[in-house]
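The values are calculated or read from the model by the stated rules, or taken from the named source; none is laboratory data. What you see is a predicted model, and the numbers here were worked out from it, not measured in a lab. So basically every Cβ, Gly included, is an ideal-geometry build from the backbone, and we count neighbours across all protein chains shown. Side chains are part of the model used for accessible areas, which takes the heavy atoms of the whole protein and leaves out ligands, DNA and RNA. Shrake-Rupley method; radii C 1.70, N 1.55, O 1.52, S 1.80 Å.
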Amino acid sequence: MYNSKITGLGYYVPDNVVTNDDLSKVMDTNDEWIRERTGIEERRHIIKGEDTTTSMGVKAAKIAIERSGIDKNDIDFIVFATLSPDYYFPGPGVLVQRDLGIGTVGALDVRNQCSGFVYGISVADQYIKSGMYKNILVIGSEVHSTGLDMSTRGRGVSVIFGDGAGAAILSREEDTAKGILSTHLHSEGQHAEELALIAPGMGKRWVTDIIDEKDPNDESYFPYMNGQFVFKNAVVRFSEVIKEGLAKNNLEATDINMLVPHQANLRIAQFIQKKFGLEDEQVYNNIMKYGNTTAASIPIALTEAWEQGKVKEGDLVVLAAFGSGFTWGSAIIKW
């Protein structure tokens, strides 16, 4: 029997900083309005032509690979989580394989949005625990900025999201008391349209219709979020899936050294922190700097926490996410 262990972490965010004041110049909003509702102060947007979902993932992956101490050719499998692939198809997993110059290993694309990285970690963990693979690269990367409605009409969503990428190397660990102890995944598709991007999609309309219509009032090409409904579900599901992971491993909230939640909204993270009785130093948040980077948010935050010495060997680390789908999940890790 094996466990999987995170042996390398890396992240990349674009240099282009977009503040709340910058957004107030293109839509009817202001710094106070955004901070009060989300906790966000600024986010990163790519400069078109300089970064893509794949290129950012590659940059994060190179850092994670170097820190893991393995060679890129030791990677047996690639898992890439994103809602914003470079192409409709193929997905970015194979593009990473090409751009890193890795051999013909398998590449899997995960489309679970905000919980995508946790889902990806779970898949990689099971592959390693089964003995099938030894080293797996897991990436979460997103480019939101090019698909947002940057007007007053879209401000409820557009002020929240940012661009970035994070990556982790999972490697075989023979000590089953260390590494990823368990992962827990859920979905509730009946609420799929409460947080969704409906078009373009083959079920929405054919490509020829998209070209012919050009309807400026069609909002289906922009993300939609029923904010209050999502918030209410998120706080419930976050709590449930964290409790599920702790119970599976006979642990209590008092055993948590670091909780790294998906950076959806600072208010959600603060609610969960209070519910579990955690101190500020036990929860890592960086949404203030980067906004919601969806599948990239947990690996970016986890990497920063580790870089700052807030995640240490022997710590109990909990990852938890909730988002579009609805999907949610957690990972319980003994560092």
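For this structure, a couple of remarks:
- Residue identified as in contact with a strand residue (DSSP E or B) (Cβ under 8 Å, 6 or more places away or on another chain) and assigned to a helix (DSSP H, G or I) among Ala321, Ala305, Ala264, Ala331: Ala305
- Some residue of the stretch 83-90 being touching an Asp or Glu at 6+ places or on another chain (Cβ under 8 Å), aromatic (Phe, Trp, Tyr) and more than 13 Å from Leu137 (Cβ to Cβ): no
- Selection of the stretch 24-50 for residues being open to solvent by less than 60 Å² (accessible area, probe 1.4 Å) and among the charged types (D, E, K, R) yields Asp31, Glu42, Arg43, Arg44.
- Answer from Ile210, Ile242, Ile300 - the residue that is at pLDDT 95 or above, touching a helix residue (DSSP H, G or I) at 6+ places or on another chain (Cβ under 9 Å) and either open to solvent by 50 Å² or more (accessible area, probe 1.4 Å) or farther than 22 Å from Ala60 by Cα (or both): Ile242
- Boolean, Gly10 is on the phi > 0 side of the Ramachandran plot and open to solvent by less than 80 Å² (accessible area, probe 1.4 Å): no
- Filtering the stretch 256-271 for residues that are under 19 Å from Ser324 (Cβ atoms), of a type in the set (S, T, N, Q) and either open to solvent by less than 70 Å² (accessible area, probe 1.4 Å) or in contact with a Cys (Cβ under 7 Å, 6 or more places away or on another chain) (or both) leaves a non-empty set.
- Condition check for Phe276: aromatic (Phe, Trp, Tyr), open to solvent by 10 Å² or more (accessible area, probe 1.4 Å) and closer than 18 Å to Phe238 by Cβ: yes
- Residue match in the stretch 51-59 (condition: open to solvent by 20 Å² or more (accessible area, probe 1.4 Å), within 30 Å of Asn20 (Cβ to Cβ) and not in a helix (DSSP H, G or I)): yes
- Test: Ala269 is at pLDDT 95 or above and under 25 Å from Trp33 (Cβ atoms): yes
- Breaking point among (1) over 20 Å from the mean Cα position of the chain (by Cα); (2) crowded, with 22+ Cβ neighbours inside 10 Å, for Asp21: (2)
- Within the stretch 1-28, residues that are within 30 Å of Gly156 (Cβ to Cβ) reach partners that are of a type in the set (Lys, Arg) and open to solvent by 50 Å² or more (accessible area, probe 1.4 Å) with beta carbons closer than 6 Å, at six or more positions or on different chains, in the pairs Tyr12/Lys59; Met27/Arg155.
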